[in-house]
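First comes the structure, then the notes that go with it.
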Amino acid sequence: MFATEMSDDGVVTGVIRPAAVLPEASARAVLRELAGRDVRLGGHWLTEPTLWKRWAQPWEEAETAGGAALIGSVHVAYGTPSRYEITIYRATITELAVATGWTVESLCNEALGFGGLDLANCPRADLKDPPKPFHLR
């Protein structure tokens, strides 16, 4: 389902193959819940256009993480494969996350759960065969 790599600094990255694709209704629900759980509002998530970050605790200050520790990040692409879908293609967890029992899968499942999905039942990108090589005659 995904390949996992661990680097020297204790960070674990999982590449999700084929990529998970959130259908429109689930994508909207996930984005709504993540926004309502923003670290600056007492939650644990900070969303950016290409990255959803999960923190161990809410931020004490609105603009900086302060003493809050990062648990991990989910790498996403909005508007792909179609306009209102979201593709999840990679996730990374920190050394702290590993030490406290988090996995790449559990990080993704927390976010996907807001849309009624998890990695096991999330639709996947339709991988096409590569094009035939071009041959000169």
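Taking (1) in a loop (DSSP other than H, G, I, E, B); (2) acidic (Asp, Glu); (3) at pLDDT 95 or above in turn, Asp9 satisfies each apart from (3). Which one is surrounded by the fewest Cβ atoms within 10 Å (Cβ to Cβ) among residues in the stretch 95-137 that are within 16 Å of Arg28 (Cα to Cα), of a type in the set (Gly, Ala, Ser) and touching a residue at least 24 places away in the same chain (Cβ under 8 Å)? The extreme case among them is Gly116.
Has the stretch 57-67 got any residue that is of a type in the set (Gly, Ala, Ser), farther than 23 Å from Val15 by Cβ, without any contact (Cβ under 8 Å) to a residue 24 or more places away in the chain and surrounded by 17 or more Cβ atoms within 10 Å (Cβ to Cβ)? Spell out the reasoning first.
Going residue by residue through the stretch 57-67, those that are of a type in the set (Gly, Ala, Ser) are 62, 65-67.
In the following step, the residues that additionally are farther than 23 Å from Val15 by Cβ were identified as 62, 65-67.
Restricting the remaining residues to those that are without any contact (Cβ under 8 Å) to a residue 24 or more places away in the chain gives 62, 66-67.
Filter once more, keeping what is surrounded by 17 or more Cβ atoms within 10 Å (Cβ to Cβ): none.
No - not one qualifying residue is present in the stretch 57-67.
Take the residues in the stretch 17-56 that are surrounded by fewer than 12 Cβ atoms within 10 Å (Cβ to Cβ) and touching a strand residue (DSSP E or B) at 6+ places or on another chain (Cβ under 7 Å); name whichever of them is nearest to Ile88 (Cα to Cα). Looking at residues that are surrounded by fewer than 12 Cβ atoms within 10 Å (Cβ to Cβ) and touching a strand residue (DSSP E or B) at 6+ places or on another chain (Cβ under 7 Å), I get Thr50.
For Val76, are the conditions met, namely being among the β-branched types (Val, Ile, Thr) and touching a residue at least 60 places away in the same chain (Cβ under 8 Å)?
Values: among the β-branched types (Val, Ile, Thr): yes; touching a residue at least 60 places away in the same chain (Cβ under 8 Å): no.
No: the conditions fail for Val76.
The values are calculated or read from the model by the stated rules, or taken from the named source; none is laboratory data. Just so you know, these numbers come straight off a predicted model, no measurement behind them. For neighbour counting, all protein chains shown are included, and Cβ atoms are generated from backbone atoms with ideal geometry for every residue, glycine included.
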